[in-house]
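To start, the structure itself, in structure tokens.
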Amino acid sequence: MRKLLLVAVTLITLPLGAMAEEIGQVSTVFKWLGPNDKIVVEAFDDPKVSGVTCYLSRAKTGGVKGGLGLAEDRAEASIACRQVGPISFAGELKDGDEVFRERTSLVFKTMQVVRFFDQKRNTLVYLVYSDRIIEGSPQNAVTAIPILPWPKGS
């Protein structure tokens, strides 16, 4: 039983999905102890679609709990994805494929980015939302990228 509990705790504390690259941050609330509350801007590349980078801004809770990784971050996030090169697909795309995931609380809450392909409009659509095991949040943000030809030599 102890081994099962140890395995469960280890899996819960592992990072989920690919790591994003932090682009910058701004402080929103000063904290006397621990880091300030902040808004962080991160970038990540779509693992199945080369030529696409997504930029995500989200709140990170500071203070002592935030500094120790025990605080729960808010559900709000904003996303903007852009074509940064010629677009090509690594395999078949499925609607709702998870592109990025990050834990936003110690155990039960995650923020996810999923991708859809609007074939009629030849557009990739990315949705960011937060969920919990028990209760998710309807707060979300969406961005779309029309798939356009990329100039040669760029």
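Quick note: the coordinates plus some simple rules give every number you see, no bench work behind them. Given the structure is predicted, the values throughout are model-derived calculations rather than measurements.
From the phi angles alone, apply the Karplus equation (6.51, -1.76, 1.60; θ = phi - 60°) to the range 119-125 and give each ³J(HN,Hα) in whole Hz, x where the residue is Gly or Pro.
Running phi through 6.51 cos²θ - 1.76 cosθ + 1.60 with θ = phi - 60° gives 5, 4, 9, 6, 9, 8, 10 Hz.
Please list, or write none, the aspartates and glutamates whose alpha carbon is within less than 14 Å of the alpha carbon of LYS60, excluding same-chain residues fewer than 8 places away.
Correct list for LYS60: GLU22, ASP37, GLU42, GLU72, ASP73, GLU76, GLU102.
Step through the residues of the range 93-100 one at a time and calculate ³J(HN,Hα) from phi using the Karplus curve (6.51 cos²θ - 1.76 cosθ + 1.60, θ = phi - 60°), rounding each to whole Hz and writing x for Gly and Pro.
Working through the residues one at a time gives 8, 10, 4, x, 4, 6, 9, 8 Hz.
Determine ³J(HN,Hα), in whole Hz, for all residues of the range 145-153 in sequence, where each value follows from phi through the Karplus function 6.51 cos²θ - 1.76 cosθ + 1.60 and θ = phi - 60°; x replaces Gly and Pro.
10, x, 7, 10, x, 9, x, 5, x
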